[in-house]
Amino acid sequence: MLRANFLGGARLYWNGKVLSNFSTQKVLGLFCYLLDNSGQTFSRDKLMTFFWAESPEDQARYNLRYALWNIRKLFKENDSTPDPLLTTRSTCQMNLEFPHRLDSLQFLEFLEDLNTDSRIESLKSAIDLYRGAFLDGFTLKNLPEWEEWLYHRREELHQRFINATIDLGDAYLTGSQPKQAVMVYLKSLSYAPDLEPAHEGLIRAYAQEGKTSSALRQYATYVAVMKREHNAPPAREISKLVSSLRRGEEVSEKSKKEVEEIVFEELEAENNTDALITEPPSVGYSKGEDKVDELVFEDETDLNRVDEEEIAVIEELFVGRSSEMNDLLNLAEQTLNGNGQVIILAGEMGIGKTRLYNEFLKRISPDFIVGLGESEEVLASHPYKELIQILHSFQQNPKITINLKKELDVIVGKIEDFDQNDDERAAQNLQNMVRKWIVKLSEKFPVIFAIDDLQWASEAIINFFATLANDVKLHRLLLFGIYRKFDLGSEDYIDASLLRIARMGKLWRVELKKLNNEDTRQIISAKAALAAARLKQDDFDRFYTYTGGVPLYAIELANFLKEGKGDTFENPLLEDQPDFRKDSDRKIVPPLMIQIVQLRLSKLETDEVELLKHTCLTIGYFTLEFLRNLLTLDQDRLEQILVNLEDRNFLHHEERLGLLFN
């Protein structure tokens, strides 16, 4: 069974496991489009225009053919597995006999249930399915037809959801179930804070519960929202409702005092354009749900469909880090209390820095607004690329007010237009604008400003990171730099910036150490349980020596054992190898990774090795057509090689593979 969850992101599960081996984002986008339009037949020409309009016709046709092949490859486990696609020389569509379930289509099916007896349950089921915007966070650039389709589909489903929440809330009120109505209206407001029917329904629900003070507080919130978002007075009907509530409700002396305070708050809100709304709690989300790329369990039935070994794999990826996690959570708590912090999370490749950061996001308060930028080893096309990524993530956060978003849109436009040849004063003015906006944001919400792979960041980004550290002292602002160490002298070029932060007394350096023997054994045992059961203590000691206590290498080694290739580690290549970090100026790739990849290379055909060489030379920026012409391979052989390399996990190793080809 294929389960596709498009409401709140793009998450696909095949037989209970995350499906993530699409060759490109565009291939995934094509599959999402076909899934959401199950039952429709598309001409190949339409799909070519939809996804590859910028390419010549021959290239677009080839790209579509390769994309369809890649989709089929993901599901074709054996001859009995039905084909997910039905294709001819000129058409393509989803195979309706292929077992699949799509939440966006289920959502619409529930809404179309007109049976009076089951209407409430159907509305409730539909609302429970809606976990966010359709394909939220999934983008394909420079595809105008895709973008137009995605915009209209997203708006359609969002509006259907909003209407459903109002219908269900009203039904609960009619049935004298105010507590249930409150939860539904709150969820509606978490997606549309200025939705007047939801505010009115919430006021009525609180009144029906006998909570006059809560109803009046909600009215004060509503007044502030309308003033802030639309500079408009409250609707006359809602004002009449509240007036009658004040006149007709018998309240205790304590309640009367509360009501007087609330009325005073209303008057203040009506005259204060900067009045804040206390955001309704987000219903149906777990902390950090959209921050991690791993298995996501929607409910207990999903959990039952995943085998025990896969559950163990999730747990083993986070061993031996409880002390560091406690330190990070303590610093997050200080930030919540207005005492901002700066964290540098450091360690060598594969030690688990990003994994720890993702786990940290799942455990902190959901009040945090998080922005993450990722530096790349290759020279970025824009000196503020990471900053633009962070600001884009802020733009997409539904908590941020309209006024703040308008200011941010202007700032982002100026940064994107920034020319690195502009004078230093222009750059300084730009940075000051961003700093002021982030500080203003931190006055309303606790903020995490994070940069991954800080060691590759441009000088402009490092200086901005250090300068922003000046603002953390009195604000709810947590700066987070994830830094890869190559050797002890690898951070010389940012030492000055780190020293500036350290002198403010706000720099916390969390250094990830290597795992011990027992932690490494846990990883191997969880990842390759059957093989590990046959190992002796001497075997684990030897494997610990190979991995050097690095989690990534323990996982890599466990994969070999799981594949039944334990004899690989008897190979002399692994014995007495020089430590490149000590005895050579080639200090980038750790020895074990070189040895593992060398072993894999020894099992490849000559033209497969040639393909890898050219891939490394082009540093990942290549096209299939370019490689095919470069190597004079026919299409079938190229596709066969790519499948082989993908199966061996070669295409995911980008750590300076050029060192392997002397």
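Structure values in brief
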read-out	value
Any hit, segment 113-122, residues being touching a residue at least 12 places away in the same chain (Cβ under 8 Å), within 28 Å of the chain's Cα centre (by Cα) and surrounded by 12 or more Cβ atoms within 10 Å (Cβ to Cβ)	no
Residue within segment 493-510 that is acidic (D, E), surrounded by fewer than 20 Cβ atoms within 10 Å (Cβ to Cβ), outside any helix (DSSP H, G or I) and modelled with pLDDT under 80 present	no
Within segment 157-248, helices (runs of 4 or more DSSP H) holding 3 or more residues that are over 25 Å from I120 (Cα atoms)	212-230, 236-248
Selection within segment 97-111 - assigned to a strand (DSSP E or B) and surrounded by fewer than 16 Cβ atoms within 10 Å (Cβ to Cβ)	R101
Test: residue in segment 76-96 that is surrounded by fewer than 20 Cβ atoms within 10 Å (Cβ to Cβ), on the phi < 0 side of the Ramachandran plot, assigned to a helix (DSSP H, G or I) and small (G, A, S)	no
Residue list for segment 80-104, restricted to those being of a type in the set (D, E, K, R) and closer than 17 Å to M1 by Cβ	D83, E97, R101, D103
Failed item, numbered, when T139 is tested on (1) of a type outside the set (G, A, S); (2) open to solvent by 70 Å² or more (accessible area, probe 1.4 Å); (3) assigned to a helix (DSSP H, G or I)	(3)
In segment 165-190, the residues that are touching a Ser or Thr at 6+ places or on another chain (Cβ under 8 Å) and closer than 18 Å to Y219 by Cα	I166, G169, V184, Y185, K187, S188, S190
Lone unmet requirement of (1) without any contact (Cβ under 8 Å) to a residue 40 or more places away in the chain; (2) touching a His at 6+ places or on another chain (Cβ under 8 Å) for W437	(2)
Residues that are open to solvent by 30 Å² or more (accessible area, probe 1.4 Å), touching a residue at least 40 places away in the same chain (Cβ under 8 Å), within 21 Å of E148 (Cβ to Cβ) and not in a loop (DSSP other than H, G, I, E, B), drawn from segment 46-62	T49
Residue count for segment 379-420, restricted to those that are touching a helix residue (DSSP H, G or I) at 6+ places or on another chain (Cβ under 7 Å), hydrophobic (A, V, I, L, M, F, W, C) and at pLDDT 85 or above	11
Answer residue from segment 188-208, given it is modelled with pLDDT of 90 or more and of a type in the set (D, E, K, R) and is most open to solvent (accessible area, probe 1.4 Å) among those	R204
Residue match in segment 417-436 (condition: over 24 Å from the mean Cα position of the chain (by Cα) and within 23 Å of L331 (Cβ to Cβ))	yes
Verdict on G564 being modelled with pLDDT of 55 or more, within 23 Å of K513 (Cα to Cα), under 37 Å from the mean Cα position of the chain (by Cα) and part of a loop (DSSP other than H, G, I, E, B)	no
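The values are calculated or read from the model by the stated rules, or taken from the named source; none is laboratory data. This one's a predicted model, so the numbers in the text were calculated from it and none came from an experiment. A quick note on method: Cβ atoms are made from the backbone with ideal geometry, for glycine too, and the neighbour counts reach across all protein chains shown. Protein only, heavy atoms only, side chains kept; ligands, DNA and RNA dropped before computing areas. Shrake-Rupley method; radii C 1.70, N 1.55, O 1.52, S 1.80 Å.
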